[in-house]
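Report on the following structure.
The values are calculated or read from the model by the stated rules, or taken from the named source; none is laboratory data. Values in this document were obtained by computation on a predicted structure and should not be read as measured data. Reconstructed Cβ throughout: ideal geometry from the backbone, glycine too, with neighbour counts over all protein chains shown. Keep in mind that these areas ignore ligands, DNA and RNA; they rest on the heavy atoms of the full protein, side chains included. Shrake-Rupley method; radii C 1.70, N 1.55, O 1.52, S 1.80 Å.
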Amino acid sequence: SVAPDIKIVVTVSPVPLQASFEFESAVQADCLSKSTMRLTAHEVVNNSDIQNIFYWPSFEIFRWAGSNAGDFYAADDGAAWHVSEDKVSSTIRAFVEMFSPT
């Protein structure tokens, strides 16, 4: 009732897990974690009665497109779990363009 036209944006972080207490491999833990969060985001955005809720594909931009397009990770300092500052800036600019009031 306070802001009925507010937009709610759901996303999944593209930053991979570095460690896991549940699995021997952080890669397995990361895959399960991101998959669970992505499915939950999908269900909330597409199957709830919440108005003006959107999914922003930061996970897909970095993990899927980025894995095929070059320097999305490790470009700044060589750390495979650090996303490129340039790509983060580009993604944020696209986000602001998409969701800023016109």
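The condition (being open to solvent by less than 80 Å² (accessible area, probe 1.4 Å) and within 13 Å of the chain's Cα centre (by Cα)) is satisfied by just one residue among 45, 10: 10. Is at least one residue of segment 59-80 assigned to a loop (DSSP other than H, G, I, E, B), at pLDDT 85 or above and more than 18 Å from the chain's Cα centre (by Cα)? No, there is no match, as no residue in segment 59-80 is assigned to a loop (DSSP other than H, G, I, E, B), at pLDDT 85 or above and more than 18 Å from the chain's Cα centre (by Cα). Only one of the numbered conditions (1) free of Cβ contacts under 8 Å to residues at least 40 places away in the same chain; (2) touching a helix residue (DSSP H, G or I) at 6+ places or on another chain (Cβ under 6 Å); (3) among the aromatic types (Phe, Trp, Tyr) is violated by residue 55, and that is (1). All of 49, 30 fail the test of being without any contact (Cβ under 8 Å) to a residue 24 or more places away in the chain, over 29 Å from residue 97 (Cα atoms) and of a type in the set (Asp, Glu), apart from 30.
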